[in-house]
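Working notes, structure below.
Readers should treat all values here as calculations from the given coordinates under stated rules, not as data from a laboratory. Model, not experiment: these values are computed from the prediction. Here the Cβ positions follow ideal geometry from the backbone for every residue, glycine too, while neighbour counts run over all protein chains shown.
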Amino acid sequence: MTSKIVIVAGGTTGMGRATALARAARGDDVTVIGRSRRDLPSSVRFLRADLSSIAEVERVSSDIASRHDRVDALGLFANRVQPKRTETADGLKYTFALYYLSRYLLAARLAPLMSAASVIVNVSGVGTTKGGIHWDDPQLRARYGAIRAQLQAGRANDLLGVAHAGDARYVLYHPGFTRSGLDGHPNPLVRGVLKTLALFAARPVARSVAPVVEWIEHPPADRLTTSDRGEPVDLSGKEADARRLTTYTQGLVTAAR
């Protein structure tokens, strides 16, 4: 069996890490992108980067393209809750930049290396009906809230799938409440509550990543697959919003050059 070339963005902890390790165990050539290598084994290549930075995403994309003539799978996991509004060096809201823009850029820059036999798995919140794009203030400068920012970025990721025009198969996946990323919340009280809830209500990481591992092994036949804890999600009627978001995003990237 030929090993696959797998890129995992946000793969140093939680579901991203579990996916990277599972694929490496199958003999794949796995590269993880993140801030810190932590305890990743030597069998996994690590690229250090701040994925909230446009320049950093461009850099790692170029690095990957210089090392590989193809990419078989791209896993998009990077996200972090920000209780207070924080701007990146590009002047963008941190949540928007990390949770949405980095995913847009990685998929776009690696698209030339991906074919119809490749797959992009975007782990986000498809199926969640709350939230939307605040077209009058996408960077939430006037009215910021951590949940508001997360929901907007989640709906933006839905539109990424709708707008996807590359050859690779695209999967939007909502795993549900999982024992993953619980240490990432900056508020210690919230972390404690989440960990307590997770003991009773959260899915084990291995269960939540199992579909991701298999999508990498066997990419879906459909160009876009949506899965909210195993149930398909209808995103029809979102095409105009997807085009609008793409235009806005392209403008941000151009302005950052």
Neighbour-count ranking for D28, D50 (other C-beta within 10 angstrom, fewest to most) reads D50, D28
By the C-alpha gyration tensor axes a ≥ b ≥ c (rounded if a/c is under 1.5, else prolate when a/b exceeds b/c, else oblate), the shape of the range 42-180 is prolate
Cβ density ranking, 10 Å radius, fewest first, applied to E58, E214 yields E214, E58
Ordered by fewest other Cβ atoms within 10 Å, a rough proxy for footprinting exposure, W135, W215 read W135, W215
With the dipole of the chain defined by +1 on each Lys or Arg Cβ and -1 on each Asp or Glu Cβ, the option from P232, L98, V6 whose Cα lies farthest towards the positive pole is L98
With +1 at each Lys and Arg Cβ and -1 at each Asp and Glu Cβ, the charge dipole magnitude of the range 5-256 around its Cα centre, to the nearest 20 debye, comes out at 820
Rounded to the nearest Å, the spacing of the alpha-carbon centers of the range 118-148 and the range 61-101 is 14
Hydrodynamic radius by Kirkwood for the range 1-92, inverse mean 1/r across distinct Cα pairs, in Å, is 13.8
Over the Cα atoms of the chain the radius of gyration and the largest Cα-Cα distance (Dmax), both in Å, equal 17.1, 53
Candidate cut points under trypsin sites (Lys or Arg not before Pro) in the range 68-124, DSSP loop plus at most 15 other Cβ atoms within 10 Å of their own Cβ, are R70, K84
